[in-house]
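Following: one structure in structure tokens, then a few remarks.
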Amino acid sequence: MGKRDYYELLGVNSNATDDEIKRAFRQLAKKYHPDVSKEKNAEAKFKEINEAYEVLSDPNKRLNYDQFGHMGTNTNSFGGFGNGGFGGTADFENIFSGGFGDIFENFFGGGKKQSGFRNQPIKGENISASVVVTLKEQMFGKTVKLDLNIDKKCESCEGTGAKDPKKYIHNCTTCDGYGYINIEQRSIFGIIKSQQPCPDCKGRGEVITNKCSKCKGQGHYRGKEAVEIELPKSIYENQQVRIREKGNYGLNNGSRGDLYLEISVKPNKYFKRVNDDLHLNLPISYLDALLGAEIKVPTFDGDVHLKLPSNTKTNSIFNIPNHGFFKSPTSSKRGDLIVNMIVTIPTKLSTEEKTILQKLKNSSSFKITDDFYENL
Ligand SMILES: [Zn+2]
Ligand SMILES: [Zn+2]
């Protein structure tokens, strides 16, 4: 469906001044405001007018519109009614200075304000905690015990906030127990009726005359809670783990918020995760490398024996299958352990060792080959 010309919508000339545009908009907004208008499709019309005004009241947007038409504007930021979004309220509020935003929210705000009304359960807030694991714990998973500091439901009053719920909870007289009050506000649209949460009972519909001493009438209090969480196998670092309903308690029997865990892994000097594989830089003896040997390779599953051939060079790679990370938390399939041999020379020698090595020094196998010198 084609969009109507913005000037046409507001009923002004294309060379209209800012004041003329503002005046035209005010009149039309008054006429089509969905809560006072008897017109058909008032809401759609109101939205169109708004969009037009949003563009034409902004010098840059207007210039773009004048040059490129609807292509030159991006009015998608307009959130629309009904889901709480209302883009571009800044200009709007300027014109109707004084509290318009509030009324507006009550009309179109949707759930937000309403959720405070009586008996509406409110989900508790989400909380987060960070967990540091070793590489091995990351691979196999871990039972993590946390002492969380959370909003807990008060056991003394069962979350009611009253010393004795049967005696000290009464219907709020201000709102007659409804949780909200009707207000009338005079505005440029005439008298506007709307509902607001009751200021005396904060939308609960009831008041407590003798408050629970433990939670001071809140129904909840800040306290510690020990939780045990099974971290899945082979999760990734910085992966967010969500644990449902371990966060703060909700109001009016609303469900608890969620707990988000931020996982970080302690750095390991020798082992490193690369996707599903585990990499190991393994220091091996110079003589083992030279002569060959049966060596022990440490893995997270215990030692694995490996036959090292003679003349193993540094940075030689050996694969030990199925000793890496799990392909997924539920999979039994695993990546490899990839061992990188680091041939290591001794840092200290005894006199006896030196004597033996001196003897070898001049034997032919320990000399750098002629091949090297010939190719310099
Ligand atoms: Zn209490
Ligand atoms: Zn009330």
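The values are calculated or read from the model by the stated rules, or taken from the named source; none is laboratory data. All figures in this text were calculated on a predicted structure; none of them were measured in a lab. Neighbour counts run over all protein chains shown; Cβ positions are idealised from the backbone, glycine included. What goes into the accessible areas is simple: the full protein's heavy atoms, side chains included, and nothing from ligands, DNA or RNA. Shrake-Rupley method; radii C 1.70, N 1.55, O 1.52, S 1.80 Å.
One table, with the values for the structure above:
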| read-out | value |
| --- | --- |
| Whole-percent carbon and sulfur share, accessible surface of the stretch 172-236, 1.4 Å | 48 percent |
| Charge context of residue 163, other residues only, Cβ under 13 angstrom, K/R +1, D/E -1 | +3 |
| In Å², nearest 10: area of residue 353 left accessible to a 1.4 Å probe | 90 Å² |
| Reachable lysines, given that their alpha-carbon falls under 22 Å from the alpha-carbon of residue 167 and they are not under 8 places away in the same chain | 153, 202, 211, 214, 216 |
| Choice from 222, 204, 23 showing the highest fluctuation, given a GNM over the chain with Cα pairs closer than 10 Å | 23 |
| Gaussian network model of the chain, Cα within-10 Å springs - most flexible of 366, 271, 140 | 366 |
| Kirkwood hydrodynamic radius over Cα pairs of the stretch 280-376, then Stokes diffusion coefficient at 20 °C and 1.002 mPa s, in µm²/s | 133 µm²/s |
| For residue 301, net neighbour charge (Lys/Arg +1, Asp/Glu -1) across residues whose Cβ lies under 10 Å away | +1 |
| Among the listed pairs 163/246; 3/45; 246/266, those beyond 19 Å (Cα-Cα) | 163/246; 246/266 |
| Rounded to the nearest 10 Å², the accessible area of residue 22 at probe 1.4 Å | 80 Å² |
| Residue among 368, 68, 195 farthest towards the positive dipole end of the chain, charges placed on Cβ | 195 |
| 1.4 Å probe accessible area per residue over the chain, in Å² | 63 Å² |
| Charge-dipole axis of the chain as Lys and Arg at +1 and Asp and Glu at -1 on Cβ define it, positive-most pick from 219, 121, 286 | 219 |
| Principal axis box of the chain, alpha-carbon based, largest edge first, Å | 109, 71, 37 |
| Theoretical gain in end-to-end length, residue 156 to residue 376 [0.36 nm per residue, Cα-Cα removed] | 70.5 nm |
| Note, ³J(HN,Hα) from phi for the stretch 189-196, Karplus 6.51, -1.76, 1.60, rounded to Hz, x at Gly and Pro | 8, x, 7, 10, 9, 8, 10, 9 |
| For the chain, size of Cβ-based charge dipole, Lys and Arg +1, Asp and Glu -1, in debye | 1140 debye |
| Filtered trypsin sites (Lys or Arg not before Pro), the stretch 268-299: DSSP coil and at most 13 other beta carbons within 10 Å | 269 |
| Simple spin-label estimate for residue 64 and residue 31 in nanometres, 7 Å along Cα-Cβ | 2.8 nm |
| Mean ellipticity per residue at 222 nm, deg cm²/dmol - from DSSP H runs of n ≥ 4 across the chain, formula -39500 (n - 2.57) | -7000 deg cm²/dmol |
